[in-house]
Amino acid sequence: DKSMLAKLSTLESAGIYGAAYHILNVSFTPILSLAMASFRNFFQQGALGIKGSFALCKKLLPMSLGYSLLAIIAVAIFAPLIPLILGSGYSNSAIALVWLSPTIFFRTMHLFAADTLTGANFQSARSTSQVLVAIINALLNFWLIPLYSWRGAIIATIVSEFLLTLFLWGAVYQYSRKANTAN
């Protein structure tokens, strides 16, 4: 997104989006840490099939989603401080950060769905979803960035994160359903 913003819009818009996205990544670090620490366990549980890796996902997801919602609220509360700390040139980054904040929830959802699939040996479903959404994201960026600058990149990001969540959870549901009917 950032490089496409620089090419299709302005360097200023890339800076606005980039600053917001870096702060967003910091707020996502606890979820990413939990996912990385539990990744090995998804394979251990996935040896039992999708039921095993999904059971682990169901243990980790409530706490992670709770954190995600708190992080979104914290972003909304503290984003107005960004221009006070970094300077008035970052006022649009504060707005962009608030707009991007729902991606914390979507990223949490799709990260654990993706690990559930990989742990149960359904990496192809994960990869296919990710590639498809990357293509959709690029197309959306080519369309929306020239029209709306950094706001278009945010729309493309939110739509893409939502679609990835939908595709990955759809695959988890489909494989879980097949496993249930096979038994």
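The values are calculated or read from the model by the stated rules, or taken from the named source; none is laboratory data. Keep in mind that what you see is a predicted model, and the values were worked out from it rather than measured. Neighbour counts are summed over all protein chains in view; Cβ atoms, including those assigned to glycine, are modelled from backbone coordinates with ideal geometry. These area figures cover heavy atoms from the full protein model, side chains too; ligands, DNA and RNA do not enter into them. Shrake-Rupley method; radii C 1.70, N 1.55, O 1.52, S 1.80 Å.
Tabulated data
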{"quantity": "Solvent-accessible surface ranking, highest first, for Ile155, Ile77 at 1.4 angstrom", "calculated": "Ile77, Ile155"}
{"quantity": "Two-site label geometry, Thr10 and Tyr148: point separation in nm, points 7 Å out along Cα→Cβ", "calculated": "1.9"}
{"quantity": "Dipole magnitude (debye, nearest 20) for the chain, charges at Cβ of Lys, Arg, Asp, Glu", "calculated": "540"}
{"quantity": "Accessible area in the full protein assembly, largest first, 1.4 Å probe, for His110, His22", "calculated": "His22, His110"}
{"quantity": "Choice from Thr103, Thr128, Thr116 with maximal GNM fluctuation in the chain (Cα, 10 Å cutoff)", "calculated": "Thr128"}
{"quantity": "Accessible-area ranking of Lys178, Lys59, largest first, probe 1.4 Å", "calculated": "Lys59, Lys178"}
{"quantity": "Signed unit charges on C-beta, dipole axis of the stretch 1-80, positive-most listed residue Val75, Ser27, Ser38", "calculated": "Ser38"}
{"quantity": "For mean projected area of the Cα convex hull in nm², calculated from these coordinates, the label among [x] 11.7; [y] 10.4; [z] 12.5", "calculated": "[y]"}
{"quantity": "Between helix 150-182 and the chain: long-axis angle, C-alpha atoms, 0 to 90°, nearest 10", "calculated": "0"}
{"quantity": "Cα centroid of the stretch 1-65 to Cα centroid of the stretch 130-164, whole Å", "calculated": "17"}
{"quantity": "Cα-Cα pairs of the stretch 71-128 separated by more than 16 Å (percent)", "calculated": "56"}
{"quantity": "Heavy-atom accessible area per residue - the chain, 1.4 Å, Å²", "calculated": "52"}
{"quantity": "For the chain, built as a Gaussian network whose Cα springs stay under 10 Å, the top-fluctuating residue of Leu163, Leu139, Leu65", "calculated": "Leu139"}
{"quantity": "Computed [θ] at 222 nm, helices only, for the chain once each DSSP H run of length n ≥ 4 contributes -39500 (n - 2.57)", "calculated": "-31000 deg cm²/dmol"}
{"quantity": "Fraction of accessible area attributable to carbon and sulfur, the stretch 1-119 (%, probe 1.4 Å)", "calculated": "71"}
{"quantity": "GNM result for the chain, Cα springs below 10 Å: residue of Leu70, Leu111, Leu24 fluctuating most strongly", "calculated": "Leu70"}
{"quantity": "Tyr17 accessible area, assembled protein chains, probe 1.4 Å, Å²", "calculated": "0"}
